[in-house]
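Have a look at the structure below, then the notes.
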2 protein chains.
Amino acid sequence: MGRTVLTIAGSDSGGGAGIQADLRTFAALGHYGTSAITALTAQNTTGVQGVHGVPPEFIEQQINSVLDDLEVHAIKTGMLFDADNTRATVHALQSHYSGRTMPPLVCDPVCVSTSGHTLLVPEALEVLTKDLFPLAALITPNKSEAELLLSRPISSVEDMLNAARDLLLCGPRAVLLKGGHITATLADVDSLSRAHLELRVVRDGLYGDNMEILIVNAPQATNIVLDVLCEADGPTTVLVRPRIYSTSTHGTGCTLSAALACTLADGATVSEAARIASAYTYLGIQTASKLGSGHGPLNHLHSVARISVPPRTPTNPYPFTQLLINSSAGIWKEYVEHKFVQRLGEGTLARESFIHFIKQDYHYLKYYARAYSLLAAKSNTFPHIDSATQTILNILREITTHRAFCAEFGVSADELEQTREASATSAYGGYLMDVGMQGDTTKLLMALLACLLGYGEVGLWLKRAAKERPESGIVIEGNPYRRWIEDYSGEGYQGAVRVGLETIEARASADPPSAARLAEWRAVWERCTRLEKAFWDMALDVKE
Amino acid sequence: MGRTVLTIAGSDSGGGAGIQADLRTFAALGHYGTSAITALTAQNTTGVQGVHGVPPEFIEQQINSVLDDLEVHAIKTGMLFDADNTRATVHALQSHYSGRTMPPLVCDPVCVSTSGHTLLVPEALEVLTKDLFPLAALITPNKSEAELLLSRPISSVEDMLNAARDLLLCGPRAVLLKGGHITATLADVDSLSRAHLELRVVRDGLYGDNMEILIVNAPQATNIVLDVLCEADGPTTVLVRPRIYSTSTHGTGCTLSAALACTLADGATVSEAARIASAYTYLGIQTASKLGSGHGPLNHLHSVARISVPPRTPTNPYPFTQLLINSSAGIWKEYVEHKFVQRLGEGTLARESFIHFIKQDYHYLKYYARAYSLLAAKSNTFPHIDSATQTILNILREITTHRAFCAEFGVSADELEQTREASATSAYGGYLMDVGMQGDTTKLLMALLACLLGYGEVGLWLKRAAKERPESGIVIEGNPYRRWIEDYSGEGYQGAVRVGLETIEARASADPPSAARLAEWRAVWERCTRLEKAFWDMALDVKE
């Protein structure tokens, strides 16, 4: 659940800004969000319809509730509303961290909303700069906020650089001055670099060196957005990104400062954090769908995707296998409870059917061993080569007992070898080889496991039915096929089933499939389940 | 960004319950969350330290701001605090939806917190049941809330069934009575089923039919949790799950009702929604890490995972290729700006080196054509077979011109064929075949594209340097290798580069790689980049 981050900010009913944007950002970046609300707004994409300030004592109480119970790894402040609430924030933080190191504090000096609504009363400015800024690891003013804080206009890239340096004098350890409202081009960055050789320029979302093949196919505009990061104990960095035009910008500042708090909580340096958080915010604007009739919210969740296999838990250690079985439950049931199996369990299966089955199974096992050989050939670690090879050795041992078993039913080794392959056998065997050729080892495992797990399932239910459900007609004692049932329900085979289960669950956890890949795996599983059923149909048909 | 959902509830500073849990749930299930806050709490995992009620007018104002601007697809209510705020909620919803269909409303009748704090003053109960319940698609009381609402104790599964049915009389279209605080076993469910044949039993997280292989390897406890869902126009459903023991349960009710709102917004029926939302909530408890010293929050984000390749955007349509190049930028630069290439561009490359290179390239192209044949053999759609085959045809055409080109440099077709393969050629060619054998088509493409894209990059930078940077020494006019440069910078080859770029970007979008798979793809890309560099080292070494 990540690290714990605290936001002290206003609430935006419309969800695009304030603690709502902060909490969504924390979640999208893998962190646990807590919040102290300084003021409520009735707000939507068109503007702020109302503000309800929260009493300063209650802000302190919220902050204390969080800090007294949880270890917080970064804090951000957003809209603080008025001087008393700003003072309450400063007081709560200073009291809690008196004599202790405060985690990184990102202060977004929110003064005016995107829609032009005043979010900080003017009297609070002094408290903000004098009392809160000195506690901050980083402050993140935009152009208008910097102008308000410095009482002078900012209209060029050079002005931005000077403003960021002057704001550093208020005491924060770093200033990130956001240039979204300043028009600039790549040429401006070049001349800025030439005039200030000490500047580090970070091009984010812009092509780097040796990317002519990309540049020629998708040229980038020369209009850029430029942020300036001044650090008290570090270099000055200019972050440059292509300018984009979008109305999905409501809550951009909240999102950026929330993302900064997350990356600082992760232990990033301020300049790494600025790069990561800006890139996150920028993608949030670019991938947003239009929402509402005014300035809509960013898409905060571009950094995550829905997973397709549930996590393993103590009550369900085999979620992937369950998903496979459930996704083709009907055909799985037709396979494992096939009439062939039922009759075999009752001991009423025609001897000819069984003989036909074991002859064809002999051919099938040749494919099966070859498919595991292909699996070994495709593996690139010794444990994987070992595991596939052990299975081949098991199959080869099974063949020896298979021959003996056939002999009991009057089928000689020679007759076994000479038996013509039935088309159900060829279809199944060919499919195994084809999947093995086409895909990777996990896809091949999906094909191999329908047989391994299905026969394990058959062995177990026959054994349990014989023991617990006499009305099922299943018997082991005196059953002519007793040995077959005991083989598949026995510890040897069931041990292999356990290994198989563990293998696919581990694969699905270590390399979680995309929806497309899961669909492919499910299709392979289902196809093999059908081929298994067809195999038994074939064996039964020989008689009926 | 999904559909829009509104929560009308309290704020929990600790983040585990209230609108914070709701917003995290909405995000985790892919929806956009908006909120109207009814009361603030100063709260953490140990309890509620303070409550600040929000004035009823301001609740209405928040609801109006949301509904006036955004189309909302589901609404949930949580802690409503007092009678006035409950009335304000009812009034705002009724006014907005007067004469219109209200989206599904899930009402979680929050009365008391997990820690025992009163969250709804008693006078509000009547407003809740008389005015709000009749608007609800579903109400979700727990045992204590149902006892408070019905003024009678609930202590058995049978009591639950009766309570759910009686609560339906208050007017909601369905009641989901949560049995987390009632002890029950699978045997209780069986006897309940026998006594009430009309009941549907949904076993969630419990094994289904034909899963003996799972049951035998991970038996499930017989203690269960049971929820009862009564629908006014539908059957009564009992949802059954294995009981788990955890202290990460703070906000369970909020999470469930938020997840219900999401699934109803998706268009699910109430009983589907109950199944999906319960499973989501249950996994949230099971996968939570302990946080705080009391009852910690659920893990809401088990349903999503961080993505490893950024989305394609208008300003960056090739994020995956950029990621590959950036992830091995040093070796990529050594490859595309190799001294061999530089000298070739200057026209100063020793003729022997170039001849050695084109002889070995002839052998390499044989591997390259075979690897594309393998790609065609591994493809299972006609367009993919077609695309690989077109590339093979291009390579075969290239071979014809390659022979002519060699002839110009005095190398006969016979000499070309007889040339012994250098070990750099065998290493690279063998690696292509090995990757093709080991993995799926995407992995093979990663191996094939380092050559395609790298030669495209070389062609373009030589051409641009010749044109724009005379100081580079690169010339085309009069260069003995002019034809080579023109071939790789020309439209024919660059068209193939474009197709290659589009192919890998489309693969990475359609089948987003897990972190493990991305690491594998990057390793293949980097290995081929190194093999490419080694190829040029080899050609240069013949002379130096």
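The values are calculated or read from the model by the stated rules, or taken from the named source; none is laboratory data. Nothing here was measured: the structure is a model prediction, and the numbers come from that model. Positions of Cβ are backbone-derived with ideal geometry, glycine not excepted, and every protein chain shown enters the neighbour counts. Areas reflect the complete protein model, heavy atoms only, side chains present, ligands, DNA and RNA absent. Shrake-Rupley method; radii C 1.70, N 1.55, O 1.52, S 1.80 Å.
Under 6 Å between Cβ atoms, at least 6 apart or on separate chains: pull out the pairs that start in the stretch A:275-296 with a residue that is closer than 19 Å to residue B:312 by Cβ and end on any residue that is among the basic types (Lys, Arg). Matching pairs, first to second residue: A:282/A:241.
Taking the condition of being more than 7 Å from every other protein chain (Cβ to nearest Cβ) and open to solvent by 20 Å² or more (accessible area, probe 1.4 Å), how many residues in the stretch B:291-308 meet it? Result for the stretch B:291-308: 2. One residue stands out among those in the stretch A:214-225 that are more than 10 Å from chain B (Cβ to nearest Cβ) and among the polar types (S, T, N, Q): the one that is least open to solvent (accessible area, probe 1.4 Å), which is A:223.
Table: residues versus (1) part of a helix (DSSP H, G or I); (2) touching a strand residue (DSSP E or B) at 6+ places or on another chain (Cβ under 7 Å); (3) open to solvent by less than 40 Å² (accessible area, probe 1.4 Å); (4) of a type in the set (S, T, N, Q).
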position	(1), (2), (3), (4)
B:289	no, no, no, yes
B:310	no, no, no, no
B:320	yes, no, yes, no
B:324	yes, no, yes, no
B:334	yes, no, no, no
B:342	yes, no, no, yes
B:345	yes, no, yes, no
B:352	yes, no, no, no
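Is it the case that residue B:23 is at the interface with another protein chain (Cβ under 9 Å from one of its Cβ atoms) and more than 22 Å from residue A:54 (Cα to Cα)? Criteria not met by residue B:23.
Within the stretch A:226-248, being away from chain B (no Cβ under 11 Å) and over 12 Å from residue A:164 (Cα atoms) holds for A:226, A:233, A:234, A:235, A:239, A:240, A:247.
Looking only at residues in the stretch A:61-97 that are of a type in the set (Asp, Glu) and within 13 Å of chain B (Cβ to nearest Cβ), which one is surrounded by the most Cβ atoms within 10 Å (Cβ to Cβ)?
Going through the stretch A:61-97, the residues of a type in the set (Asp, Glu) turn out to be A:68-69, A:71, A:82, A:84.
Now narrow it down to the ones that are within 13 Å of chain B (Cβ to nearest Cβ): A:68-69, A:71.
Values: A:68: 14, A:69: 23, A:71: 10.
Checking each candidate, the answer is A:69.
Looking at the stretch B:103-217, the strands (runs of 3 or more DSSP E) lying wholly inside it that each contain 1 or more residues that are within 30 Å of residue B:39 (Cα to Cα) sit at B:105-107, B:174-177.
Scanning the stretch A:464-494 for residues that are open to solvent by 30 Å² or more (accessible area, probe 1.4 Å), in contact with a Phe, Trp or Tyr (Cβ under 9 Å, 6 or more places away or on another chain) and within 14 Å of another protein chain (Cβ to nearest Cβ) returns a single hit, A:493.
The single condition among (1) basic (Lys, Arg); (2) open to solvent by less than 30 Å² (accessible area, probe 1.4 Å); (3) closer than 14 Å to residue B:361 by Cβ that residue B:443 does not satisfy is (3).
If residue B:420 passes every condition in (1) assigned to a helix (DSSP H, G or I); (2) open to solvent by 60 Å² or more (accessible area, probe 1.4 Å); (3) farther than 24 Å from residue B:442 by Cβ but one, which one does it miss? Condition not satisfied by residue B:420: (1). The residue that is surrounded by the most Cβ atoms within 10 Å (Cβ to Cβ), counting only those in the stretch B:367-408 that are of a type in the set (Val, Ile, Thr) and assigned to a helix (DSSP H, G or I), is B:391. Among the residues of this structure, residue A:163 does not count as one that is more than 21 Å from residue A:278 (Cα to Cα) and open to solvent by less than 60 Å² (accessible area, probe 1.4 Å). Per the conditions (1) closer than 22 Å to residue A:76 by Cβ; (2) crowded, with 22+ Cβ neighbours inside 10 Å, the sole criterion not satisfied by residue A:181 is (2). Determine whether the stretch A:99-113 contains at least one residue that is facing chain B (nearest Cβ under 9 Å) and either open to solvent by 10 Å² or more (accessible area, probe 1.4 Å) or within 28 Å of the chain's Cα centre (by Cα) (or both). No.
With respect to the conditions (1) touching a residue at least 12 places away in the same chain (Cβ under 8 Å); (2) among the small types (Gly, Ala, Ser); (3) more than 13 Å from every other protein chain (Cβ to nearest Cβ), residue B:373 lacks only one, and its number is (3).
Against the conditions (1) surrounded by 22 or more Cβ atoms within 10 Å (Cβ to Cβ); (2) facing chain A (nearest Cβ under 10 Å), residue B:251 satisfies every one except (2).
Within the stretch B:28-60, restricting attention to residues that are part of a helix (DSSP H, G or I) and open to solvent by 10 Å² or more (accessible area, probe 1.4 Å), which residue is farthest from the other protein chains (Cβ to nearest Cβ)?
Taking the stretch B:28-60 and keeping what is part of a helix (DSSP H, G or I), we get B:28, B:56-60.
Now narrow it down to the ones that are open to solvent by 10 Å² or more (accessible area, probe 1.4 Å): B:56-58, B:60.
Values: B:56: 11, B:57: 9, B:58: 5, B:60: 9 Å.
Once the filter is applied, the top-ranked residue is B:56.
Within the stretch A:496-535, the residues that satisfy the criterion of being open to solvent by less than 20 Å² (accessible area, probe 1.4 Å), within 11 Å of another protein chain (Cβ to nearest Cβ) and not β-branched (Val, Ile, Thr) are A:500, A:501, A:505, A:508, A:513, A:514, A:517, A:518. You will find that of B:443, B:463, the residue that is in contact (Cβ under 8 Å) with a residue 12 or more places away in the chain, charged (D, E, K, R) and touching a Ser or Thr at 6+ places or on another chain (Cβ under 7 Å) is B:463 and no other.
Among the residues of the stretch A:6-16, is there at least one that is open to solvent by less than 30 Å² (accessible area, probe 1.4 Å), polar (S, T, N, Q), modelled with pLDDT of 95 or more and in a helix (DSSP H, G or I)? Break it down into steps so the answer makes sense when it comes.
Taking the stretch A:6-16 first, the residues open to solvent by less than 30 Å² (accessible area, probe 1.4 Å) are A:6-16.
Remaining after also requiring polar (S, T, N, Q): A:7, A:11, A:13.
Restricting the remaining residues to those that are modelled with pLDDT of 95 or more gives A:7, A:11, A:13.
Next, from what is left, pick out any that are in a helix (DSSP H, G or I): none.
Among the residues of the stretch A:6-16, not one is open to solvent by less than 30 Å² (accessible area, probe 1.4 Å), polar (S, T, N, Q), modelled with pLDDT of 95 or more and in a helix (DSSP H, G or I), which makes the answer no.
The single condition from (1) in contact with a Lys or Arg (Cβ under 7 Å, 6 or more places away or on another chain); (2) loosely packed, with under 15 Cβ neighbours inside 10 Å that residue B:123 fails is (1).
More than 10 Å from chain B (Cβ to nearest Cβ), farther than 27 Å from residue A:24 by Cβ and open to solvent by less than 10 Å² (accessible area, probe 1.4 Å), is that true of residue A:364? Yes, satisfied.
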